[in-house]
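As structure tokens, the structure follows; a few thoughts come after it.
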Amino acid sequence: MNVLIIGGGGREHALAHAITKSPLLNKLIVSPGNPGIAKLATCITCADEPALFDLIETAAIDLVVIGPEAPLVDGLADRLRLRGIRVFGPSQQAAMLEGSKAFARDFCDRHDIPQPAWQRFDNSTEACDFIRGHAADGHVIKADGLAAGKGVVVADTKDEAIAAITSMLDDAQFGHAGASIVIEERITGIEASLFAMSDGKHAMMIGTAQDYKRAGDGDTGPNTGGMGAVSPAPALTPHLLDTAWRNIVEKVISGMAQDNMPYQGFLYTGLMMTADGPKVIEFNCRFGDPEAEVILPRLKSDLLTALMAATESGLAHMDLRFHDGAAVTVIMANGGYPGPIKAGGVITGLDAATANDGAHAAYVFHAGTSQKDDDIIATGGRVLAVTALGHDQAEARHNAYQQVAMIDWPGVYYRKDIAR
Ligand code: AMP
Ligand code: GLY
């Protein structure tokens, strides 16, 4: 089979790595890819969508896997399917689970899926009045649309909530994505993420992870795309996992089918373990980043076979096997991320940091790098995702930091407390 992956981050590097292990694979192309992916696959940048369609035709692509949310929410999967191309990834309608918070909340209400109380607003006076008249001080204010992970404000006080409402609705801080907002009850508990793949009817679990969203050690500093992750998620005991799977994931897949927008693709469910059980914080219509980098190296089964089965309503007959034990991913970033960074350092130690001995295997996935002559340059905010396996979390953590210590460049920054 000839496979095309769309995207060019650490998540797509991890997907490419898993797919290249498949006996079904003939040729792998990644668009645009990155210098790490280029060691496994052919990387091709397409200037526009017609160029992408040309590439799919000339390379005789049998399956397209879409990594990031933006093309999914923009309907790329539908446009490919209209051309008769096999795609793994949700339709534009189904991707609304991530593309619109109000859509996702409304859907959960309709299908009795546990979540915080919420309300939608597009008028700031009404939204501010709602906050002023509410008994609770704390609320969560969210831009309805995609805001690159920045559209959520967890407000401790009414003043903070009102400031967030005004900047989204009156000052258009997130442009069109914030033209309407949802205000949510602020719930408390430990967070964990649950990953599934679905063929539209049947969901199969891929794994669980906990990510570290804050930039600084001890969960301090600004929110980021994720500074590290551990899998399995320590908070998801077998009982909670079973509850979340039955009350949330299975209901999402059956509810989406019932509502005539069958969900085919990866489904990422962000959960909070409240006193009343797991509740939905958010859905994403894709794999997570760095969650893909921490989960996929644990996979022993063939990912490509599962992706194909998902495009043929065949997941009910599949079963994925994983390495026992744990995996830990540490993100190596350029200092200053998520704010302004100074890019351009030459990375050293990359080859030495990749080890391959079973339960201790380590992987270096590229997120924000570029190639200059023979050098790999740290160009992005998040630059590398370093993953190691271990018999347990402590061992995986030890192994991951051992690999991290081999890699260096001027201005490198990473958290020291991932999985501690
Ligand atoms: P999101 O971008 O939706 O994942 O939200 C970012 C973070 O905000 C989550 O990881 C939670 O820590 C927090 N959050 C979102 N919604 C709520 C809520 N209703 N109650 C408490 N915390 C929340
Ligand atoms: N790590 C969070 C995300 O992929 O959205």
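Side notes on the structure shown:
- Springs join every pair of Cα atoms under 10 Å in this Gaussian network model of the chain, and among ILE341, ILE29, ILE141 the largest mean-square fluctuation is at ILE341.
- A Förster radius of 22 Å, combined with the Cβ-Cβ distance separating ASP48 from ALA70, puts the computed FRET efficiency at roughly 0.90.
- Each peptide among 162-175, 51-64, 381-394 gets the average number of other Cβ atoms lying within 10 Å of its residues, and from highest to lowest they stand as 381-394, 162-175, 51-64.
- Percent carbon-and-sulfur accessible area, the stretch 204-257, ignoring ligands, DNA and RNA, probe 1.4 Å: 56 percent
- Model label sites at ARG246 and ASP351, defined 7 Å from Cα along the beta-carbon direction, differ in position by 5.3 nm.
- Only Cα pairs under 8 Å and 6+ residues apart enter the sum, and on that basis the relative contact order of the chain stands at 16 percent.
- Dipole moment magnitude, nearest 20 debye, the chain about Cα centre, only Lys, Arg, Asp, Glu C-beta charged: 540 debye
- Dipole magnitude (debye, nearest 20) for the stretch 168-288, charges at Cβ of Lys, Arg, Asp, Glu: 300 debye
- Helix-only CD estimate at 222 nm, as mean residue ellipticity for the chain, using -39500 (n - 2.57) per DSSP H run (n ≥ 4): -7000 deg cm²/dmol
- Between the stretch 225-263 and the stretch 21-48, the Cα center-to-center distance that results, in Å: 29 Å
- Carbon + sulfur, % of accessible area of the stretch 373-420 - ligands and nucleic acids excluded, 1.4 Å: 48 percent
- Partner lysines for LYS300 [C-alpha distance under 23 Å; skip if fewer than 8 residues away on the same chain]: LYS21, LYS27, LYS39
- Ligands, DNA and RNA left out, the 1.4 Å accessible surface of the stretch 258-344 is 45% carbon and sulfur atoms.
- Along the axis of the charge dipole computed for the stretch 1-114 (Cβ charges of +1 for Lys and Arg, -1 for Asp and Glu, origin at the Cα centre), the listed residues ILE66, LEU76, CYS43 are led at the positive end by CYS43.
- Set LYS101/LYS150; LYS251/LYS279; LYS342/LYS372; LYS142/LYS213; LYS142/LYS279; LYS158/LYS213 screened for pairs whose C-alpha atoms are more than 20 Å apart: LYS158/LYS213
The values are calculated or read from the model by the stated rules, or taken from the named source; none is laboratory data. For clarity, every value in this text was computed on a predicted model and none was experimentally measured. Methodologically, a virtual Cβ is constructed for each residue, glycine included, from the backbone with ideal geometry; neighbour enumeration extends over all protein chains shown. The area values use the complete protein model at the heavy-atom level, side chains included, leaving out ligands, DNA and RNA. Shrake-Rupley method; radii C 1.70, N 1.55, O 1.52, S 1.80 Å.
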